[in-house]
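Taking it in order: structure first as C-alpha cells, then the write-up.
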Amino acid sequence: MIGLPDMKMPLLWVLGVGLVAALGVAGIERTRAAGARADLATEKRSRADENTARALAALADLQRTVALTASHAKTQKENVDAYEARLADLDGRRRVVAADRDRMRQQFAAYVAGDREQAATDPVACQRLADRSAVLTAVAARSRELLERGRLVVEGRDNEVAVLVETLRNDRNLLSSD
C-alpha cells in the first residue's frame with residue numbers, strides 16, 4: 001500500500017501560522033483601540049479645559065458687569081440725592097418768597113389805610129389817590145409774586161434738566177464701558 005503522505009503536519013503548520021497571524025492582528029487592533037481611547041481621553045480633557053476657560057471668562061465678565069452696575073447705581077443715587085437736595089432748597093426759598101409776599105401785602109395795605117386816613121380833608125381827590133394807590137399796590141404785589149414764582153419754576157426746571165443730564169451721562173458711561 002502506498003501510503004498517503006501525512007497531512008497532519010502541514011495542516012498544523014498552517015493552523016499555527018493562521019493562529020499567530022490572528023493573534024498579531026488582534027494585538028494590532030488592541031493597540032489601535034488603546035490609542036483611540038487615549039485620543040478620546042485627550043479630546044475630553046481638551047474640551048474640559050475649553051469649558052473651564054469659557055466659564056472663567058464668563059465669570060470675569062459677570063464680575064465686571066456687576067462692578068459697573070454697582071458704580072452706575074451709586075452714581076444714580078448721588079444724582080437723585082443732589083436733585084432732592086436742590087428741590088428742598090427751592091422749597092425753602094419758595095417759603096421765603098411767600099413770607100415776603102405776605103409781608104409786602106401787609107405793608108401796602110397799611111400804606112393805603114394811612115393814605116385814606118389822611119385823605120379825610122379832601123374826599124374826592126384823596127379817594128382817587130387812595131384808589132390808585134390800592135390798585136398799584138395790588139399790581140406790584142402780584143407782579144413780584146409772579147416774578148418770584150417764575151424764577152423758582154425756571155430754577156426747578158434747570159434742576160430737573162441737570163439731573164437728567166447727569167443720569168444720561170451716567171447711563172452712557174455704563175453702556176460705553178462694555
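Results, tabulated for the structure shown:
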read-out	value
Number of the exception - THR52 against (1) under 30 Å from the mean Cα position of the chain (by Cα); (2) open to solvent by 80 Å² or more (accessible area, probe 1.4 Å)	(2)
Any hit, the range 8-31, residues being open to solvent by less than 90 Å² (accessible area, probe 1.4 Å), under 60 Å from the mean Cα position of the chain (by Cα) and either among the acidic types (Asp, Glu) or more than 30 Å from SER143 (Cα to Cα) (or both)	no
From ASP39, ASP81, residue being surrounded by 10 or more Cβ atoms within 10 Å (Cβ to Cβ), under 60 Å from the mean Cα position of the chain (by Cα) and within 30 Å of ASN159 (Cβ to Cβ)	ASP81
Unique match (being surrounded by 11 or more Cβ atoms within 10 Å (Cβ to Cβ) and under 28 Å from the mean Cα position of the chain (by Cα)) among ASP102, ASP131, ASP89	ASP89
Any chance ARG45 is surrounded by 10 or more Cβ atoms within 10 Å (Cβ to Cβ), over 14 Å from the mean Cα position of the chain (by Cα) and either outside any helix (DSSP H, G or I) or not β-branched (Val, Ile, Thr) (or both)	yes
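Residues are listed down the side, and each one gets a yes or a no for (1) under 28 Å from ARG144 (Cβ atoms); (2) of a type in the set (Asp, Glu); (3) at pLDDT 85 or above:
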| residue | (1), (2), (3) |
| --- | --- |
| ALA34 | no, no, no |
| ARG64 | no, no, yes |
| ALA88 | yes, no, yes |
| ARG93 | yes, no, yes |
| ALA110 | yes, no, no |
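The values are calculated or read from the model by the stated rules, or taken from the named source; none is laboratory data. None of the values given here were measured: they were computed from a predicted structure. Every residue, glycine among them, receives a Cβ derived from its backbone with ideal geometry; neighbour counts consider all protein chains shown. With ligands, DNA and RNA removed, areas are computed over all heavy atoms of the protein, side chains included. Shrake-Rupley method; radii C 1.70, N 1.55, O 1.52, S 1.80 Å.
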